[in-house]
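All remarks here apply to the structure that follows.
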Amino acid sequence: MLQALCSFLRCFLGLIRFVCDLAKGATHLHRRPAPPAAMDLLRSRLHKVRIPEPTNRIHKDECCVSFDTPRSEGGLYVDMNSFLGFGKEHVAWNFEKTENPVYLHIVQRRKPEPDEADRPLKKPTLLAIGVEGGFTDQEPEYDVTYEIVILPEFISLPFPSVDLPEKVRLAVDKVILAESADRKQQLASWVADKKNVSAFAMDLQQLGNGVIVPPTGWKCSKCDKTENLWLNLTDGMILCGRRLWDGSGGNNHAVEHYQQTKYPLAVKLGTITADLEAADVYSYPEDDSVEDPLLAQHLSHFGIDFSSLQKTEMTTAERELDHNTNFDWNRIQESGKDAELLFGPGYTGLANLGNSCYMASIMQVMFSTHPFISRYFEKQSLKAAFAISQADPTLDLNMQMTKLAHGMLSGKYSVRNQEGQEGIRPRMFKSVIAANHPEFSSMRQQDALDFFLHLIDKVDQANPGNHELNPFTGFKFVIEERVQCPSGKVSYNKRSDYILSLSIPLHEASNKEQLEVFNEKKAAMDLDGKEVSNEEVVRPRVPLEACLASFSGEDEIPDFYSTALNSKTTAIKTAGFKTFPDYLVLQMRKFVMEAGWVPKKLDVYIDVPDIIDISHMRSKGVQPGEELLPEGASCGSKAEPAQPVANEDIVSQLASMGFNYFHCQKAAINTSNTGVEEAMNWLLSHMDDPDIDDPLSQDQKPSEDAIDESSVQTLVSFGFQEDVARMALKASGGNIERATDWVFSHPEASSSVSAESSTSNVKDDDSHIPDGSGRYKLVAFVSHMGTSTHCGHYVAHVLKDGRWAIFNDSKVAASVDLPKDMGYLYFFQRISS
């Protein structure tokens, strides 16, 4: 009886399992034979199926004309001939265009997540996303199903299935197993650069001078500083670090010691513990934090027992992280504010692809302006853009701009979820806009201004000569510069531009009294060894009007060659707008050079009104009674005789060192008479040149050696013009520090380059450049957090539908505490008369 009951129960449980399998759609049911007619149709289309090669780009993660993915309601259809992916609404367009009928239909559905106990968020200890210690970026898990679909009837065949033709099975298997094109080009995590082993660590020479470093009580050997102290690992000198722009930090004694001795490595006292990998080691010649594998040995040379030391100072990386989570970071992002999340058309977030916030912030602003909305959304449909795109629409800028516009402005992807909204991932756009660019195609953070200018170039190339189709036409304006020499005669030069770069005159701060009180308080706290909290810091507040005035005010041009006087003199330059653009873009130069020519961010607030009127900045052109300088006066250096002249002081100093006098003349000329050090460097590197003894020719010019483009971009990020940066690097042998010094000691270079570029930029056919009223309203601004434009984070604030919204990657919300005074780039729209 018991045996019979057990047999019955087994049969009953088997029946239950079979019913469950029916309900769930078990795997063996997916292997059911396909209808004969469908299979015959597939066999007749086999010539349209390709087996992918390793070099083929397979787009199985996202539609090439929309942001539909396998997780979208209709899934994704992969063309088994071109391997392009299409959403359900768009796959028929591809069939109409290519007649490719066979597609792999991929559908992903999110798995239910197990409930997790509430736990407090851990404070990040690493400036990274998706790694231990960094910001979390956990992806949910998905179930994936596949089927073969034949267009235009949308006949489906199950996959996997042994009845499918072998060619189809092989092709689909390779598509499924292959890395997608998006995955190959984008990394999933954002991680700060790993420290490299110093080239000076393994062979570091240490002096046997008997120096023993005590475990506590350190003080700078040249001043009274007791914080931010660095131990030179060659001679054991303890010296203070660099001085910051606001007077805080050290007194530059450590870097000055390196400049005098060339002893390369130093370790920051207070960061040395039993965990030596966490110690902050800095290499002066490599200009970076580095790793010293022999640090224990180097410390023991000075009697330091690192195992007993406690951490008392932040490392350079920790200071960066602290800066990125302090008051400014939180305020710009409006962190901690109970903000209303926004959804719908025009409120679609852009997911961070890994250091892509510079791109996201600029594109959010661009697609809030009428020229971009009109060009890529209102007047161009996705289908029309796809129809005229090249064979691979993922490589077509017009297609990807249109895709991005419709993705951001349609509202289709601005849907509420548990976290707010997922946003869209503009991977294809980033791929095509950054193609062949060494920086934008990388995963490193970039300057939002550099990207804005790069975007202008790319859009201009995609619309050659067609100003009506180019949405940046409304951003272009003409600047007219007036130069007057002591003779009273003047010259006028014009140049076109898309941004107005403004210096920040700190002496024009509106809160000078509060700053004085704060500085006195800070000085007293420094003496007591205390630090000022972020909440207590008083920052300079400079009105935007003062920044604009600094642009249009008078500038002296020393060593200006006047053709009226036939000699060098000091001229006065002023500048004004020849035309006012529809959209005015202002860049605030928030970076200054501290000792050692290290760029530091200017910690300052800019008081920006909602409405500005710059009508008074319009240039008046040549006035009655003004007499123009003779031709050639626009650039003093060009008006001089063609025969180059070497600076006699430089030549005599080099000659006194034993160098050939003629060679010294060549060295001075080829370094533009920059200085003795530059001329000596040129001389030492060219002494063996076969033409070193050739006579000086009439057209002898400074050396045109290849210039490192990264050095050019570094100087441009400091706020210098690109042509000036190239000129400075040529004159200084490619050394960034000496090039920066050269720019500051040759202010006439900026004026000269502006005049040269003006003549070539402004042409007779530039009548398309808009002009109108000089009254503008603020419609957007991009803010930056971090110590450099090439690190940290960017956020955009945009005026939409009468209220301000914050666009912080995929987060879109109503602004609660608008950080209008902390912008890096400001965007103004002309107010119609």
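The values are calculated or read from the model by the stated rules, or taken from the named source; none is laboratory data. Just so you know, these numbers come straight off a predicted model, no measurement behind them. Here the Cβ is made from the backbone with ideal geometry for all residues, glycine too, and neighbour counts use every protein chain on show.
Does Thr759 satisfy the condition of being at pLDDT below 95 and in a helix (DSSP H, G or I)? Considered against the rule, which asks whether it is at pLDDT below 95 and in a helix (DSSP H, G or I), Thr759 comes out as yes.
Per the conditions (1) part of a loop (DSSP other than H, G, I, E, B); (2) at pLDDT 90 or above; (3) closer than 22 Å to Ser783 by Cα, the sole criterion not satisfied by Met443 is (2). Entry remark, segment 652-689: residues being out of contact with any Ser or Thr (no Cβ under 7 Å at 6 or more places or on another chain) and not in a helix (DSSP H, G or I) number 11 in total.
Of all the residues in segment 75-98, those that are farther than 22 Å from Leu177 by Cα and touching a residue at least 12 places away in the same chain (Cβ under 8 Å) number 10. Within the set Ser283, Ser289, Ser307, Ser300, the sole residue that is among the polar types (S, T, N, Q) and either outside the structural domain of Val255 (by TED's automatic domain parsing) or touching a Lys or Arg at 6+ places or on another chain (Cβ under 6 Å) (or both) turns out to be Ser289.
If you scan segment 193-219, which residues turn out to be of a type in the set (S, T, N, Q) and free of Cβ contacts under 8 Å to residues at least 12 places away in the same chain? Thr216 - this is the single residue of segment 193-219 that is of a type in the set (S, T, N, Q) and free of Cβ contacts under 8 Å to residues at least 12 places away in the same chain. Could you tell me whether Ala813 is assigned by TED's automatic domain parsing to the domain that holds Gln446 and farther than 22 Å from Glu419 by Cβ? It is false that Ala813 is assigned by TED's automatic domain parsing to the domain that holds Gln446 and farther than 22 Å from Glu419 by Cβ. Inspect segment 559-581 for any residue being among the basic types (Lys, Arg) and under 26 Å from Glu227 (Cα atoms) and give the result as yes or no. Among the residues of segment 559-581, not one is among the basic types (Lys, Arg) and under 26 Å from Glu227 (Cα atoms), which makes the answer no.
Among the numbered criteria (1) of a type outside the set (Asp, Glu); (2) closer than 25 Å to Phe591 by Cα; (3) surrounded by fewer than 16 Cβ atoms within 10 Å (Cβ to Cβ), which one does Gln297 miss? The one condition Gln297 does not meet is (2). Filtering segment 236-261 to residues that are over 33 Å from the mean Cα position of the chain (by Cα), surrounded by fewer than 16 Cβ atoms within 10 Å (Cβ to Cβ) and touching a residue at least 12 places away in the same chain (Cβ under 8 Å) leaves only Thr261. When segment 293-315 is limited to residues that are outside any helix (DSSP H, G or I), modelled with pLDDT under 85 and of a type outside the set (D, E, K, R), the one that is farthest from the chain's Cα centre (by Cα) turns out to be Leu309. Looking only at segment 378-428, how many residues end up being closer than 20 Å to Arg71 by Cα, outside any loop (DSSP other than H, G, I, E, B) and within 22 Å of the chain's Cα centre (by Cα)? Total satisfying the criteria: 5. Selection of segment 580-608 for residues being at pLDDT 95 or above and out of contact with any helix residue (DSSP H, G or I) (no Cβ under 7 Å at 6 or more places or on another chain) yields Phe580, Leu584, Leu586.
Only one entry of Ser501, Ser491, Ser510 meets the criterion of being over 27 Å from Lys225 (Cα atoms) and exposed (fewer than 15 other Cβ atoms within 10 Å of the Cβ), and that entry is Ser510.
Would you check if there is a residue in segment 70-85 being touching a Lys or Arg at 6+ places or on another chain (Cβ under 6 Å), more than 14 Å from Ala171 (Cβ to Cβ) and assigned to a loop (DSSP other than H, G, I, E, B)? There is at least one residue in segment 70-85 that is touching a Lys or Arg at 6+ places or on another chain (Cβ under 6 Å), more than 14 Å from Ala171 (Cβ to Cβ) and assigned to a loop (DSSP other than H, G, I, E, B). Inspect all residues belonging to segment 179-198 and state whether any of them is assigned to a loop (DSSP other than H, G, I, E, B), at pLDDT 90 or above and surrounded by fewer than 13 Cβ atoms within 10 Å (Cβ to Cβ). No, segment 179-198 has no match at all. In segment 36-60, what residues are at pLDDT below 90 and exposed (fewer than 12 other Cβ atoms within 10 Å of the Cβ)? Hits for segment 36-60 are Pro36, Ala37, Glu53, Pro54, Thr55. Here Asn417 meets the list (1) touching a residue at least 12 places away in the same chain (Cβ under 8 Å); (2) farther than 21 Å from Lys800 by Cβ; (3) out of contact with any Ser or Thr (no Cβ under 8 Å at 6 or more places or on another chain) almost entirely, failing just condition (1). Within segment 653-684, restricting attention to residues that are among the hydroxyl-bearing types (Ser, Thr, Tyr) and free of Cβ contacts under 8 Å to residues at least 12 places away in the same chain, the residue that is farthest from Lys568 (Cα to Cα) is Ser656. The sole residue among Glu139, Glu147 that is surrounded by fewer than 11 Cβ atoms within 10 Å (Cβ to Cβ) and modelled with pLDDT of 55 or more is Glu139. Being without any contact (Cβ under 8 Å) to a residue 60 or more places away in the chain, over 20 Å from Tyr492 (Cα atoms) and surrounded by 15 or more Cβ atoms within 10 Å (Cβ to Cβ) is the requirement here; does Ala523 meet it? Criteria not met by Ala523.
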